[in-house]
1. Residues in the stretch 79-107 that are more than 18 Å from residue 45 (Cβ to Cβ), surrounded by 15 or more Cβ atoms within 10 Å (Cβ to Cβ) and without any contact (Cβ under 8 Å) to a residue 40 or more places away in the chain: how many?
2. Working only within the stretch 32-53, note down all residues that are touching a helix residue (DSSP H, G or I) at 6+ places or on another chain (Cβ under 7 Å) and without any contact (Cβ under 8 Å) to a residue 12 or more places away in the chain.
3. Looking at (1) surrounded by 18 or more Cβ atoms within 10 Å (Cβ to Cβ); (2) out of contact with any strand residue (DSSP E or B) (no Cβ under 6 Å at 6 or more places or on another chain); (3) at pLDDT below 85, can you tell me which one residue 9 breaks?
4. Would you point out the residue of the stretch 49-78, among those that are part of a loop (DSSP other than H, G, I, E, B) and more than 15 Å from the chain's Cα centre (by Cα), that is surrounded by the most Cβ atoms within 10 Å (Cβ to Cβ)?
5. If we keep just the residues of the stretch 21-40 that are assigned to a loop (DSSP other than H, G, I, E, B) and surrounded by fewer than 18 Cβ atoms within 10 Å (Cβ to Cβ), which is modelled with the highest pLDDT?
6. Look through 75, 97, 132, 58 and report the one residue that is in contact with a helix residue (DSSP H, G or I) (Cβ under 9 Å, 6 or more places away or on another chain) and within 25 Å of residue 4 (Cβ to Cβ).
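The values are calculated or read from the model by the stated rules, or taken from the named source; none is laboratory data. Note that the structure is predicted; figures quoted are calculated from it, not measured. No Cβ is skipped: glycine too gets one built from the backbone with ideal geometry, and neighbour counts run over all protein chains shown.
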């Protein structure tokens with residue numbers, strides 16, 4: 001029987017999680033995987049500060065800042081100073097950013113439908129429940145809680 005690590009490694013490769021950029025097939029923009037996650041979280045959080053989004057993604061603020069700067073330069077996010085605390089930068093999606101997120105959403109929905117389409121309803125529900133359990137276990141093992149992402153990696 002293959003090891004759990006081997007199954008996770010194979011899944012990561014097959015699902016395309018190692019791809020450097022979200023290519024033309026997906027959204028037509030040169031958006032890195034990290035930037036795609038940032039756009040998703042900015043939308044999910046309804047904006048939020050750079051620190052909040054970085055924490056939700058489990059990315060250090062220096063790396064996050066560099067990625068956010070790239071998204072700002074592409075016109076996909078806005079960065080504004082908080083009126084309550086000038087040390088805090090608030091993030092938002094531009095109209096172009098919303099369109100990119102929607103394109104990524106449609107691409108991922110179609111991709112997931114293709115993957116899950118080969119499974120019965122019970123199998124799909126089992127996979128979704130299992131992924132939830134796995135996410136919770138990773139968050140707990142990472143010591144950061146569910147909100148912080150709880151990353152478990154060999155090197156940070």
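1. 1
2. Scanning the stretch 32-53 gives a single hit, 45.
3. Only one criterion is unmet by residue 9, namely (1).
4. This residue is 76.
5. Across the stretch 21-40, the extreme among qualifying residues is 30.
6. 58
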